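The values are calculated or read from the model by the stated rules, or taken from the named source; none is laboratory data. Predicted, not measured: the structure shown is a model, and the values here were computed from it. In this analysis, Cβ positions are derived from the backbone assuming ideal geometry, glycine residues included, and neighbour counts consider all displayed protein chains.
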There are 2 protein chains.
Amino acid sequence: MRVEIWSDINCPWCYIGKARFERALETFPHRADVEVVHRSFELDARAPHQARPVVPLLAAKYGMGLEQAEAAEQRIAETARAEGLAYVRAGRDAANSFDMHRMLHFAAEHGRQAALLDLLYRANFAEEGSAFAPGRLVELAVEAGLDGTEAARVLADRAAYADAVREDEATASAMGATGVPFFVFDRRLGVSGAQPAETFTAALEQAWDSRTVLPLIGGGGEDREGGEACGPEGCAVPQR
Amino acid sequence: MRVEIWSDINCPWCYIGKARFERALETFPHRADVEVVHRSFELDARAPHQARPVVPLLAAKYGMGLEQAEAAEQRIAETARAEGLAYVRAGRDAANSFDMHRMLHFAAEHGRQAALLDLLYRANFAEEGSAFAPGRLVELAVEAGLDGTEAARVLADRAAYADAVREDEATASAMGATGVPFFVFDRRLGVSGAQPAETFTAALEQAWDSRTVLPLIGGGGEDREGGEACGPEGCAVPQR
């Protein structure tokens with residue numbers, strides 16, 4: 001079974017929802033047969049690449065005072081800590097996450113996506129320094145086990161994995177996602193938002209129990225006229 | 001709708017089946033909403049990289065004489081020509097296709113997969129020279145619009161896109177594919193073998209008509225307790 005999780009590094013509920021989902025997955029009896037895939041979703045594709053402190057951004061976005069915005073951020077931080085997640089006391093910033101998503105697709109090619117995603121969340125939510133500082137993304141890629149020269153090349157080439165990011169976003173949109181985190185189980189069941197772990201447990205069970213065998217046209221008929229195929233034993237040959 | 005086609009460059013029925021599928025797709029009213037994706041399937045993952053003429057291979061595999069094997073190859077060639085496909089008169093060879101599949105995944109990253117796949121089939125089935133000749137794969141990659149230096153680097157790095165090939169093969173196996181071509185419509189309907197175009201038309205219609213809206217847990221409840229999310233308008237904040 002495949003669980004695709006659309007999320008953005010800038011999204012605290014993605015950080016929290018991921019932990020809740022992983023708590024559910026830990027106790028899921030078929031967890032060895034569950035593949036988890038990160039999918040890209042930019043909350044603000046037009047955000048500047050220069051990082052800005054989150055609290056003033058929140059204040060401007062919601063039309064609230066800085067103290068109120070700070071209190072909102074602290075309530076989210078407390079929710080994260082209640083999940084056992086580290087969360088910086090102050091100074092979290094935000095910026096354009098397109099390059100992070102591109103790098104996550106590059107990491108996927110090398111089996112390092114999950115490692116890099118964890119490091120990106122940690123860098124953005126749990127560490128004092130900015131995850132968006134120059135050079136930081138390549139550092140994190142190397143920490144995730146990727147080749148630094150290749151990672152720097154991916155970063156420098158704005159087209160690299162850009163289509164993969166946009167394809168993820170188009171798919172999310174086609175499935176009705178308007179926000180993140182957005183969890184999709186085998187493309188047959190979706191869960192929107194940082195639901196409690198119990199909801200993810202129920203979704204895992206429901207999706208597992210409703211697995212279907214693929215209805216197949218022409219299966220097992222390699223030698224049948226008009227449905228010829230090649231297999232490990234060779235290719236069908238038209239009879240005449 | 002997404003149609004995934006598992007195939008191998010060494011597989012004549014994949015070459016033929018692809019043409020039949022494309023004929024069906026051409027007249028499908030929703031063809032603009034159909035995305036076609038190549039998936040890797042090696043008919044013989046242990047085949048040597050050094051190309052060998054197909055006819056003696058067939059003779060050895062089926063325990064038949066060279067003349068019989070030649071006749072079998074000619075019957076397949078005639079079937080291909082009946083689909084309007086060019087097919088070499090003689091001398092087709094076969095070899096390990098792992099590098100071709102890796103290159104197709106690299107091409108996918110740059111939106112050039114369909115172009116490269118067509119060129120690979122043409123090189124293997126329609127041209128006198130060997131598709132497996134040294135340097136030929138990079139030449140074809142360049143012809144498909146890829147950067148030659150990058151393509152050469154992908155070819156030289158045996159690990160590049162290797163996981164993507166193996167993941168495709170594991171997925172095919174999990175879905176019950178034992179041979180190719182193997183067509184999967186939105187992971188909800190499969191078609192095995194080079195079926196007639198009419199069968200693909202019926203499969204496209206059936207898959208299209210049975211599209212389901214994703215059942216969603218927690219949709220539209222961004223501010224609901226326990227299912228918080230972030231969207232373009234910002235993030236939910238826990239109330240207290």
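Can we say B:R166 is out of contact with any His (no Cβ under 9 Å at 6 or more places or on another chain), more than 21 Å from B:R20 (Cα to Cα), within 14 Å of another protein chain (Cβ to nearest Cβ) and assigned to a loop (DSSP other than H, G, I, E, B)? Considered against the rule, which asks whether it is out of contact with any His (no Cβ under 9 Å at 6 or more places or on another chain), more than 21 Å from B:R20 (Cα to Cα), within 14 Å of another protein chain (Cβ to nearest Cβ) and assigned to a loop (DSSP other than H, G, I, E, B), B:R166 comes out as no.
Selection over the stretch B:78-89 of residues that are touching a residue at least 24 places away in the same chain (Cβ under 8 Å) and either of a type in the set (F, W, Y) or farther than 20 Å from B:E143 by Cβ (or both) gives a count of 5.
Within the span defined as the stretch A:30-42, one or more residues are touching a Phe, Trp or Tyr at 6+ places or on another chain (Cβ under 7 Å), surrounded by fewer than 16 Cβ atoms within 10 Å (Cβ to Cβ) and outside any helix (DSSP H, G or I).
Results for (1) buried (at least 16 other Cβ atoms within 10 Å of the Cβ); (2) closer than 22 Å to A:K18 by Cα; (3) under 17 Å from the mean Cα position of the chain (by Cα); (4) among the basic types (K, R), shown as yes or no for each residue.
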{"residue": "A:V88", "(1), (2), (3), (4)": "yes, yes, no, no"}
{"residue": "A:H110", "(1), (2), (3), (4)": "yes, yes, yes, no"}
{"residue": "A:L117", "(1), (2), (3), (4)": "yes, yes, yes, no"}
{"residue": "A:F132", "(1), (2), (3), (4)": "yes, yes, no, no"}
{"residue": "A:G176", "(1), (2), (3), (4)": "no, yes, yes, no"}
{"residue": "A:F182", "(1), (2), (3), (4)": "yes, yes, yes, no"}
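When you check B:G193 against the structure, is it touching a Gly at 6+ places or on another chain (Cβ under 6 Å) and modelled with pLDDT under 95, yes or no? So B:G193 passes the test. Evaluation of A:E143 against the conditions (1) at pLDDT below 95; (2) more than 25 Å from B:D147 (Cβ to Cβ); (3) not aromatic (F, W, Y) shows that the sole unmet condition is (1).
Of the residues A:A47, A:A72, A:A86, A:A90, the single one that is among the small types (G, A, S) and part of a helix (DSSP H, G or I) is A:A72.
Any residue at all in the stretch A:40-53 that's under 12 Å from the mean Cα position of the chain (by Cα), closer than 22 Å to A:Q206 by Cα and within 13 Å of chain B (Cβ to nearest Cβ)?
Scanning the stretch A:40-53 turns up no residue that is under 12 Å from the mean Cα position of the chain (by Cα), closer than 22 Å to A:Q206 by Cα and within 13 Å of chain B (Cβ to nearest Cβ).
If the condition is being touching a residue at least 40 places away in the same chain (Cβ under 8 Å) and at positive phi, then the stretch A:137-169 contributes only A:Y161.
Among the residues of the stretch A:117-124, some residue qualifies, meaning at least one is more than 25 Å from B:D147 (Cβ to Cβ), within 14 Å of chain B (Cβ to nearest Cβ) and in a helix (DSSP H, G or I).
Among the criteria (1) in contact (Cβ under 8 Å) with a residue 60 or more places away in the chain; (2) of a type in the set (G, A, S); (3) loosely packed, with under 14 Cβ neighbours inside 10 Å, the one B:A172 does not fulfil is (3). Taking the stretch B:58-76 as the range and being buried (at least 19 other Cβ atoms within 10 Å of the Cβ) and either basic (K, R) or touching a residue at least 24 places away in the same chain (Cβ under 8 Å) (or both) as the test, only B:I76 passes. Taking the criterion of being in contact with a helix residue (DSSP H, G or I) (Cβ under 7 Å, 6 or more places away or on another chain) and part of a loop (DSSP other than H, G, I, E, B), no residue of the stretch A:93-109 qualifies. Taken as a whole, the stretch A:141-148 holds at least one residue that is of a type outside the set (F, W, Y), assigned to a loop (DSSP other than H, G, I, E, B) and within 11 Å of another protein chain (Cβ to nearest Cβ). Applying the condition of being crowded, with 23+ Cβ neighbours inside 10 Å and facing chain A (nearest Cβ under 7 Å) to the stretch B:191-202 and asking which residue is farthest from A:A236 (Cα to Cα) yields B:V191. Do you know which of the residues in the stretch A:203-218 that are polar (S, T, N, Q) and not in a helix (DSSP H, G or I) is farthest from the other protein chains (Cβ to nearest Cβ)? Ranking the candidates gives A:S210 first.
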